[in-house]
1. Would you be able to say whether some residue in region 47-61 is farther than 17 Å from VAL98 by Cβ and either at pLDDT 70 or above or of a type in the set (Asp, Glu) (or both)?
2. For GLU28, all conditions in the list (1) of a type in the set (D, E, K, R); (2) surrounded by fewer than 11 Cβ atoms within 10 Å (Cβ to Cβ); (3) modelled with pLDDT under 75; (4) over 20 Å from ARG10 (Cα atoms) hold save one; what is the number of the exception?
3. Of the residues that sit in region 86-100 and are in contact (Cβ under 8 Å) with a residue 60 or more places away in the chain and in contact with a Cys (Cβ under 8 Å, 6 or more places away or on another chain), which one is most open to solvent (accessible area, probe 1.4 Å)?
4. Out of everything in region 10-25 that is hydrophobic (A, V, I, L, M, F, W, C) and open to solvent by 50 Å² or more (accessible area, probe 1.4 Å), what residue ends up being modelled with the highest pLDDT?
5. Under 8 Å by Cβ, and 6 or more places apart or on different chains, what pairs join a residue from region 68-85 that is assigned to a helix (DSSP H, G or I) and at pLDDT 75 or above with one that is surrounded by fewer than 15 Cβ atoms within 10 Å (Cβ to Cβ) and not small (Gly, Ala, Ser)?
Amino acid sequence: MQAALEVTARYCSRELDQYGQCVAAKPESWQRDCHHLKMSIAQCTSSQCPPGSPIIRQIRQACAEPFEAFEECLRQNEASAGNCAEQVRRFLQCAERVPPPRRPAAVQTQPLPAS
């Protein structure tokens, strides 16, 4: 999960800042009023993360079910996001278990014989 957050922060910091400011400014209606900014973070991570950083896609695939449960909980508890702590915990536990992408092994080259 740390890798996903680092990649998102690196490539989508503007989107994260805007979303955070919106959530802080609208504690009663952030789920509705800031939804478009949350979607902009998702779009940014999908399009801006370099091919060498597929951790976001891996987490989305491996943890789709707990993430969808978390989003559903947020929709049902717009004014009380704290009611979704268990769903957040399950998603974060899942994301922590996603292994970081493997880096290709270094290719060793042999020196060319002197001519």
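The values are calculated or read from the model by the stated rules, or taken from the named source; none is laboratory data. Bear in mind that the values here come from a model prediction, so they are computed numbers and not experimental data. Because the Cβ atoms are built from the backbone with ideal geometry, glycine has one as well, and the counts that use them run over all protein chains shown. Only protein heavy atoms, including side chains, enter the accessible area calculation; ligands, DNA and RNA are left aside. Shrake-Rupley method; radii C 1.70, N 1.55, O 1.52, S 1.80 Å.
1. Checked against the condition, which is being farther than 17 Å from VAL98 by Cβ and either at pLDDT 70 or above or of a type in the set (Asp, Glu) (or both), region 47-61 yields no hits at all.
2. Of (1) of a type in the set (D, E, K, R); (2) surrounded by fewer than 11 Cβ atoms within 10 Å (Cβ to Cβ); (3) modelled with pLDDT under 75; (4) over 20 Å from ARG10 (Cα atoms), only one is false for GLU28: (3).
3. Out of the qualifying residues, it is VAL98.
4. ALA25
5. CYS73/ASN83; ASN83/ASN77; CYS84/ASN77
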